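Written below as structure tokens is the structure these notes are about.
No value in this document is a laboratory result; all are computed from the given coordinates. Nothing here was measured: the structure is a model prediction, and the numbers come from that model.
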Amino acid sequence: MLFMVITVCLSAWSQQQGKASFYSKRATGARTASGERLHHDSMTCAHKFYPFGTMLKVTNLSNKKSVVVRVTDRGPFVKGRIIDLSWGAAKEIGMLSQGIAPVKVEVVDETTIPMRPKDDIDLPKIDFELAEASYSFIDKWKEASDGQETSPKPKAQARQRTRHSAKARERNQENKKATNQRQTEEKEGQNTWNRVFDKIKNVF
């Protein structure tokens, strides 16, 4: 008899059937009984007695759609309702248009939750030699470009030689002008003295 009572209690603990409701989208940001903030897209729920963090599988008996949610709040405190789902969880099982839906609630063993990561993950091998080759190529290209920047270009050298030649010609022309001017002044001075001597000779 005692065994039968324990079995019934455990069955009632691990599985329930009743009505489910859901939080409004406007409840986003409200603090739950566990201290977490409610978000309408989170797969969470409120339950009267399951510990916080318990994973529950909720099945909509109208369409057989299921969703796994985590207990973060207490409730619902309305007669006949056994669970309050987040807006996102209610959307997953297609009960938004119903408002209230008949559901089955089951405790989920965390080891049976799908998409569990594998212990051994085969990672692709990466050939780092290609990366080293690319870096050495970049270094060589940089050295070559630095060498080109430090050495003067032929056109620049030609322009520089042209400027030097033009300056040299200008200096030569200035020197010639100065020499011609001195020679002219010397000739004029000599002619002046010659005229003076001629006048003196005529006087005597």
Checklist line | Karplus 3J(HN,Hα) series, Hz, for the stretch 69-77 with 6.51 cos²θ - 1.76 cosθ + 1.60 (x for Gly, Pro) | finding: 10, 10, 6, 10, 9, 10, x, x, 9
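Contour minus end-to-end for Arg161 and Lys91, with contour as 0.36 nm per residue of separation and end-to-end as the Cα-Cα distance? Display every interim value, and only then the final one.
On the way: separation 70, 0.36 × 70 = 25.20 nm, distance 8.33 nm.
Gain on stretching Arg161 to Lys91: 16.9 nm.
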Next item on the list: Using only Cα positions of the stretch 11-109, each an equal point scatterer, no hydration layer, compute I(q)/I(0) via Debye at q = 0.13, 0.14, 0.16, 0.25 Å⁻¹ and quote the log10 values to two decimals.
Entry: -0.36, -0.42, -0.56, -1.48
Next item on the list: Starting from the exponent 0.38 and prefactor 2.2 Å, build the expected Rg for the stretch 158-198 from its residue count and divide its actual Cα Rg by it.
Entry: 2.00
Notebook entry, point to check: What percent do you get for the relative contact order of the stretch 11-109 when only Cα pairs under 8 Å and 6+ apart count?
Noted result: 41 percent
Next item on the list: Report, by chain and number, residues whose modeled amide H sits under 5 Å from the one on Ser42, excluding near sequence neighbours (fewer than 5 apart, same chain).
Entry: Gly88
